[in-house]
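Asker: Dropping a structure here in structure tokens format, bear with me for questions.
The values are calculated or read from the model by the stated rules, or taken from the named source; none is laboratory data. Everything numeric here is computed off the predicted structure, so don't read it as measured data. Neighbour counts run over all protein chains shown; Cβ positions are idealised from the backbone, glycine included.
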Ligand SMILES: Cc1cc2nc3c(=O)[nH]c(=O)nc-3n(C[C@H](O)[C@H](O)[C@H](O)COP(=O)(O)OP(=O)(O)OC[C@H]3O[C@@H](n4cnc5c(N)ncnc54)[C@H](O)[C@@H]3O)c2cc1C
């Protein structure tokens with residue numbers, strides 16, 4: 001497998017790297033402290049064509065491959081995870097289902113604004129009683145007089161409650177099928193009567209990203225808001241999660257790289273016992289270990305992206321990449337804080353925020369335990 005980046009991929013990576021350093025890094029601490037959604041940055045990402053990287057150019061997307069998308073997510077996470085997850089959840093979770101399964105009309109209605117970043121899309125799978133066990137969905141949608149009537153709740157949903165949130169795609173039980181529950185996907189626009197995003201959660205990290213519970217009470221949407229084939233909803237969302245894991249793994253690689261960058265520059269500056277702390281073997285070992293694990297993890301993420309782009313099965317690699325990188329990000333951030341000593345515990349230093357932002361990477365888009373189930377399931381299948 002060829003891991004060399006094409007000229008287009010390098011250009012995109014360098015553009016995002018430059019943007020992240022110039023436009024995101026200077027405001028990241030303030031956004032985190034004030035828990036302010038990064039509207040201006042999202043608008044600029046839209047202008048740069050970064051809110052619709054993998055989608056067709058006919059809809060205003062970038063027409064680029066998964067590896068390009070992963071590179072962009074990685075570079076954003078290197079300086080700010082909140083901005084990175086806003087872009088990643090919008091792209092691979094919110095917009096992708098409409099791109100893959102939308103009718104021409106649904107695509108025409110939604111994709112131009114979503115690809116331009118004028119509107120955000122959210123992905124509503126998780127419920128109070130259905131997280132890892134996502135098929136246990138209790139939200140129901142009943143067809144009545146040409147409308148789906150939706151009742152239920154979702155929780156921990158990213159991007160659903162901002163001023164520019166356009167829609168959420170949700171799973172709902174739409175009937176029974178062969179003794180089991182029939183689950184379908186529906187598009188629910190923001191502002192639709194009966195659909196209420198709740199108050200944002202107070203979180204450990206990702207403070208500038210929008211995360212809320214959603215309620216649906218007698219929420220009526222047209223029958224035409226069914227997304228894809230009736231009864232295919234759970235299967236469709238599992239496919240979306242597979243792809244989404246490449247994005248989250250890329251975030252973890254970016255965050256670990258950002259932590260390593262900070263640790264290296266601090267280790268060169270900070271003096272103790274008459275010399276820079278980077279001269280001490282204990283500090284060198286931490287930096288060496290993280291850098292080696294990071295390079296290996298990055299290759300695994302790129303491999304998952306390349307497999308997806310080649311049309312090969314990528315579920316196993318994506319789950320392995322998600323499992324390895326989430327843990328690595330947590331460890332890298334912890335070591336970076338350690339290298340900063342007391343300053344690492346102080347919010348003025350980015351590693352403090354990085355440490356708080358890292359933990360969700362072992363939980364969101366499938367916990368580590370779920371990745372282990374997916375990996376073992378693939379390896380042990382007969
Ligand atoms: C900030 C944030 C943003 C999010 N954004 C979104 C979003 O945009 N859209 C969305 O749909 N969801 C979103 N989520 C939800 C996220 O994907 C879930 O939190 C995650 O999948 C875990 O589900 P849960 O929280 O219900 O945990 P649970 O499923 O209750 O798990 C609790 C614990 O039990 C373990 N466990 C569960 N089942 C098993 C098993 N069979 N074997 C072994 N261990 C098991 C889990 O691994 C975990 O350790 C977000 C969450 C957060 C915190």
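Asker: Before we move on, is residue 11 modelled with pLDDT under 95, surrounded by fewer than 18 Cβ atoms within 10 Å (Cβ to Cβ) and under 27 Å from residue 307 (Cβ atoms)? Before you say what the answer is, go through the steps one by one.
Answerer: Details: modelled with pLDDT under 95: no; surrounded by fewer than 18 Cβ atoms within 10 Å (Cβ to Cβ): yes; under 27 Å from residue 307 (Cβ atoms): yes.
So residue 11 fails the test.
Asker: Determine whether residue 213 is surrounded by fewer than 23 Cβ atoms within 10 Å (Cβ to Cβ), within 11 Å of the ligand (Cβ to nearest atom) and assigned to a loop (DSSP other than H, G, I, E, B).
Answerer: no
Asker: Also, I was wondering about something else. Is it the case, given these coordinates, that residue 259 is farther than 30 Å from residue 25 by Cβ, away from the ligand (no atom under 16 Å from the Cβ) and touching a helix residue (DSSP H, G or I) at 6+ places or on another chain (Cβ under 8 Å)?
Answerer: On the way: farther than 30 Å from residue 25 by Cβ: no; away from the ligand (no atom under 16 Å from the Cβ): yes; touching a helix residue (DSSP H, G or I) at 6+ places or on another chain (Cβ under 8 Å): yes.
Taking the combined requirement at face value, the residue does not satisfy it.
Asker: Which one of 166, 152, 135 is part of a strand (DSSP E or B) and farther than 29 Å from residue 76 by Cβ? Working first, answer last.
Answerer: Numbers: 166 fails: farther than 29 Å from residue 76 by Cβ; 135 fails: part of a strand (DSSP E or B).
Answer to the check: 152.
Asker: Taking the residues in the stretch 185-194 that are surrounded by fewer than 23 Cβ atoms within 10 Å (Cβ to Cβ) and in contact (Cβ under 8 Å) with a residue 24 or more places away in the chain as candidates, determine which candidate is farthest from the ligand (Cβ to nearest atom).
Answerer: Out of the qualifying residues, it is 193.
Asker: Looking only at residues in the stretch 341-382 that are assigned to a loop (DSSP other than H, G, I, E, B) and more than 13 Å from the ligand (Cβ to nearest atom), which one is farthest from the chain's Cα centre (by Cα)?
Answerer: Among those that are assigned to a loop (DSSP other than H, G, I, E, B) and more than 13 Å from the ligand (Cβ to nearest atom), it is 382.
Asker: Turning to a different aspect of this structure: Out of everything in the stretch 85-108 that is within 16 Å of the ligand (Cβ to nearest atom) and touching a strand residue (DSSP E or B) at 6+ places or on another chain (Cβ under 6 Å), what residue ends up being farthest from residue 356 (Cα to Cα)? Full working, then the answer.
Answerer: Of the residues in the stretch 85-108, the ones within 16 Å of the ligand (Cβ to nearest atom) are 85-98.
With the extra rule that they be touching a strand residue (DSSP E or B) at 6+ places or on another chain (Cβ under 6 Å), the set shrinks to 89-90, 93-95, 97.
Working: 89: 19, 90: 22, 93: 23, 94: 24, 95: 27, 97: 30 Å.
Step by step, filter the stretch 85-108, then rank; the result is 97.
Asker: For the stretch 40-84, what are the residues that are in contact with a strand residue (DSSP E or B) (Cβ under 9 Å, 6 or more places away or on another chain) and part of a loop (DSSP other than H, G, I, E, B)? Talk me through it step by step, then tell me what you get.
Answerer: Our first condition is that a residue be in contact with a strand residue (DSSP E or B) (Cβ under 9 Å, 6 or more places away or on another chain); within the stretch 40-84, this holds for 42, 51.
Residue satisfying the conditions is 51 alone.
Asker: Within the stretch 175-192, is even one residue within 20 Å of residue 363 (Cβ to Cβ), touching a strand residue (DSSP E or B) at 6+ places or on another chain (Cβ under 8 Å) and part of a loop (DSSP other than H, G, I, E, B)? Reasoning before the result, please.
Answerer: The first filter runs over the stretch 175-192 and keeps only residues within 20 Å of residue 363 (Cβ to Cβ), leaving none.
No, every residue in the stretch 175-192 fails to be within 20 Å of residue 363 (Cβ to Cβ), touching a strand residue (DSSP E or B) at 6+ places or on another chain (Cβ under 8 Å) and part of a loop (DSSP other than H, G, I, E, B).
Asker: Please enumerate the residues belonging to the stretch 140-157 that are within 16 Å of the ligand (Cβ to nearest atom) and crowded, with 24+ Cβ neighbours inside 10 Å. Please lay out each step first, then the result.
Answerer: Filtering the stretch 140-157 for residues within 16 Å of the ligand (Cβ to nearest atom) gives 150, 152-157.
Scanning the stretch 140-157 gives 150, 154, 157.
Asker: Of the residues in the stretch 3-53, how many are within 30 Å of residue 312 (Cβ to Cβ) and without any contact (Cβ under 8 Å) to a residue 12 or more places away in the chain?
Answerer: So the count comes out to 6.
Asker: A further question on this structure: Confirm whether residue 105 is within 29 Å of residue 349 (Cβ to Cβ) and either touching a helix residue (DSSP H, G or I) at 6+ places or on another chain (Cβ under 6 Å) or assigned to a helix (DSSP H, G or I) (or both).
Answerer: no
Asker: Can you tell which of 124, 117, 131 is surrounded by 24 or more Cβ atoms within 10 Å (Cβ to Cβ), within 11 Å of the ligand (Cβ to nearest atom) and at pLDDT 95 or above? Talk me through it step by step, then tell me what you get.
Answerer: Details: 117 fails: within 11 Å of the ligand (Cβ to nearest atom); 131 fails: surrounded by 24 or more Cβ atoms within 10 Å (Cβ to Cβ).
Result of the check over 124, 117, 131: 124.
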